[in-house]
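Working notes, structure below.
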Amino acid sequence: MSNEKYEFFKVVQDHLTKAARLIDLDAPVELMLSQPKNEIIVHFPVRMDDGSVRLFKGYRIQHSNILGPFKGGIRYHEGVTLDDVKALAAMMTWKCALMRLPYGGAKGGIKFNPRNQSAGELQRITRRFTHALGSNIGPDYDIPAPDVGTTPQMMAWIMDMYMNTVGHVNKQASRGVVTGKPITSGGTLGREKATGQGVVHCITEWAREHRFNLEGSTYIVQGFGNVGSHASTLLARYGASLVAVGDHSGYLKSPEGFNPHKLSEWVRTHGSVAGYPSGQVITREEFFATRCDLFIPAALEGQIGVAEAKALECRVIAEGANGPTMPDGEKVLQERGITVIPDILANSGGVTVSYYEWVQNKRSESWDLEEVDARLETAMKRAYKEVSDFARSRDTDLRRAAYCVALERLQAAYRERDIFP
């Protein structure tokens, strides 16, 4: 699948337009949501381990803050483009509105491959980026979080850098400038598995709705990082079996099922699924043609085109990644009767628990895991029900329904506040 022609921002725009038609969205609201409020691009120098200086390009796109501060991850990846970050920032706006969080959408990124840098270089890159963004982030203005290629450790560096640039009187109040931090630096229990957990809540709700028994079911996962690995270990508790897996290094299958805990351990140690001893190497085409009940795409966007949609042999796709399904692929899936639980619903567990972390920082509290998990479960199940009910009542698919529910909330806020002239 070539990513060259995949205009991610245009795809997200089209979803907005279609949903807007269905609910007769006010034209000015659609117009305002069609572009981000701010597009920040920074170039900053970093001294590398060999003494040379390299210039990095960083982005922070702030899409909307009508419902609250900008919120969204920071991605370190060689494929980061302005177009992608704009698309992801817009999706964060829909996600936060859908989950009833007092946040707007944002996204950031730096265009480089973090796997090629040392820990020291990663720290200097992260701190320099934070310095370059300056007052464009803040605990009540714009709150970054981890995304593809970034970790809780990097959030701790951003927090430390930010805390040391504000006045010492406000220093401790600045803890909430990022979420997804390590626990000791003000993070929350349950954040690391939150996105995968949200995916699984959506799958269990779908299964309950369709009287489908997860015990003995099979699933395949593309991308075995934070989201894919946590979703897999959580699904295993329901008696589901992981029969094929893949990531940037290749694809493996195991008809009797992988042990997701052991596979997660392997990926943590080796950086990818490559070389995992108890799997048989297969091609990307064979992976997509693997017969299963559930498919969790948890890698990058633009993975499911027409060929993949025709090859898939599953009942439901729960989008752990952002934007994995291309519009032409989605048409094929609809024709074939394969349900898609859309990204803005399925993977919104991460930002929901980020919100809980932010609230704990603001109140100087620390909640136990049971409280975080219980709140997340309530929030995910409520959102799933709202989307599912809307889809049924308006005879539409879950993606358009999710956009509609989110847009109705945004529209209500715009109507109540109006535009100042």
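Table for the structure above
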{"quantity": "GluC sites (Glu not before Pro) restricted to region 325-421 and DSSP loop, no more than 13 other C-beta within 10 Å", "calculated": "GLU365"}
{"quantity": "Within region 39-144, percent of DSSP bridges classed antiparallel, to nearest 5", "calculated": "60 percent"}
{"quantity": "Sorted by Cβ neighbour density within 10 Å, fewest at the top, the residues LYS18, LYS10, LYS107, LYS181", "calculated": "LYS10, LYS18, LYS181, LYS107"}
{"quantity": "Karplus-derived HN-Hα couplings along region 200-215 (A = 6.51, B = -1.76, C = 1.60, θ = phi - 60°), whole Hz, x at Gly and Pro", "calculated": "5, 4, 5, 5, 5, 5, 4, 5, 5, 4, 9, 6, 9, 8, 6, 4"}
{"quantity": "Cβ-based exposure ranking for ASP84, ASP395, in which fewest neighbours within 10 Å come first", "calculated": "ASP395, ASP84"}
{"quantity": "Region 269-284 - phi-based ³J(HN,Hα) in whole Hz, Karplus 6.51/-1.76/1.60, Gly and Pro as x", "calculated": "7, 9, x, 6, 7, 4, x, 4, x, 9, x, 9, 5, 10, 7, 4"}
{"quantity": "Average Cα contact separation per residue, region 30-184, under 8 Å, 6 or more apart, as relative contact order %", "calculated": "23 percent"}
{"quantity": "Residue-by-residue Karplus 3J(HN,Hα) for region 58-74, coefficients 6.51, -1.76, 1.60, Hz, glycine and proline x", "calculated": "x, 10, 9, 9, 10, 7, 8, 9, 5, 9, x, x, 4, 8, x, x, 10"}
{"quantity": "Ascending count of other beta-carbon atoms within 10 Å, so fewest first, for ASP418, ASP247, ASP26", "calculated": "ASP418, ASP26, ASP247"}
{"quantity": "Mean separation of Cα contacts under 8 Å, 6 or more apart, over the residue count of the chain: relative contact order %", "calculated": "16 percent"}
{"quantity": "Within region 194-346: Cβ-based charge dipole about Cα centre, in debye rounded to nearest 20 (Lys, Arg +1; Asp, Glu -1)", "calculated": "300 debye"}
{"quantity": "Mean residue ellipticity (222 nm) of the chain, computed from DSSP H runs ≥ 4 via -39,500 (n - 2.57), nearest 500", "calculated": "-14000 deg cm²/dmol"}
{"quantity": "Ellipsoid equivalent to region 194-346 - semi-axes via the Cα gyration tensor, in Å", "calculated": "21, 18, 14"}
{"quantity": "Size of charge dipole - the chain - debye, nearest 20, with Cβ of Lys, Arg +1 and Asp, Glu -1, no other charges", "calculated": "680 debye"}
{"quantity": "Filter on LYS57/LYS107; LYS181/LYS253; LYS10/LYS310; LYS95/LYS193 - keep pairs with C-alpha separation over 26 Å", "calculated": "LYS181/LYS253"}
{"quantity": "Descending principal axes extents, region 280-385, alpha-carbon based, whole Å", "calculated": "51, 33, 21"}
{"quantity": "Percent of alpha-carbon pairs separated by more than 29 Å within the chain", "calculated": "43 percent"}
{"quantity": "For ARG75, residues with placed amide H under 5 Å, excluding near neighbours", "calculated": "GLY108, GLY109, ILE110"}
{"quantity": "Options GLN280, VAL199, VAL227, ranked by Cα towards positive dipole end of region 194-346, top entry (Cβ charges)", "calculated": "GLN280"}
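Any read-out appearing in this document is the output of simple, stated calculations on the displayed coordinates, not a laboratory observation. Computed from a predicted model, the values in this text were never measured in an experiment. Methodologically, a virtual Cβ is constructed for each residue, glycine included, from the backbone with ideal geometry; neighbour enumeration extends over all protein chains shown.
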